[in-house]
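We did not get these values from a lab; they are worked out from the coordinates using the rules stated. Since this is a predicted model, take the numbers as computed values, not measurements. Backbone-built Cβ (ideal geometry, glycine too); neighbour counts: all protein chains shown.
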Amino acid sequence: MPGIQTTPLSEPYGIIEALPEGLTGEILDGQVHAQSRPSTLHGFASTALGSELTGPFQKGRGGPGGWWIIHEPEIHFLRNVDVAVPDLAGWRRESTPRLPKGHRVEVFPDWICEILSPSTASRDREVKLPMYAHYGVQYTWVIDPIACTLEAYQLDAGAWLEIGRYTETDQVVAPPFTAIAIDLGDLWMD
């Protein structure tokens, strides 16, 4: 059909496009990875953190504003080749006044948050975090909803430097979101 381009299934992105509904696909280190939707522990932590950040940082309610915060964007670090779907991502509006409207986001975020699940924790830490550093994402948070922890990292000379480690019910004040304190206990299901 004229005007419609499809990617052959022999290409990694074609495999992602052909995944059944309910599966999320990524291309990491040249390999296609598919996973089902996360557990409620994972989803609860993601939703709670997103809610904490959206008011003050995206909408400017009780905070400085100036950010876009999005759940599970499909980020194309290299179009159809290096594709990640972090749990949350944020872009500073000063450098990204508008986000693309399509599903392929080719503007690199300033901050990414990965929420660990038993089935994806090693891939998040050993594959995705190095990829984010390679492409210059400035901040990464890693949340473990089972251990009730948040680790904050900042990119320093191409490597991750831990800038904070929080547990249980600590108050989180970590870059790049230092204008408010986040009650870590609000991210965990009872």
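When peptides 137-143, 177-183 are ranked by their average number of other Cβ atoms within 10 Å per residue, the highest-first order is 137-143, 177-183.
The Cβ shell under 15 Å around Ile163 holds other residues with a net charge of -4, Lys and Arg each +1, Asp and Glu each -1.
Each part gets one Cα centre, and for segment 9-47 versus segment 109-142 those centres are 15 Å apart. What Kirkwood hydrodynamic radius do you get for segment 38-187 when you take the inverse of the mean 1/r over all pairs of distinct Cα atoms, in Å? With all distinct Cα pairs of segment 38-187 included, I get 15.4 Å. Based on Cα contacts under 8 Å between residues 6+ apart, segment 38-187 shows a relative contact order of 18 percent. Couplings for segment 177-185, taken from phi via the Karplus curve 6.51 cos²θ - 1.76 cosθ + 1.60 with θ = phi - 60°, read 10, 8, 6, 9, 9, 9, 6, 4, x Hz in order; Gly and Pro are left as x.
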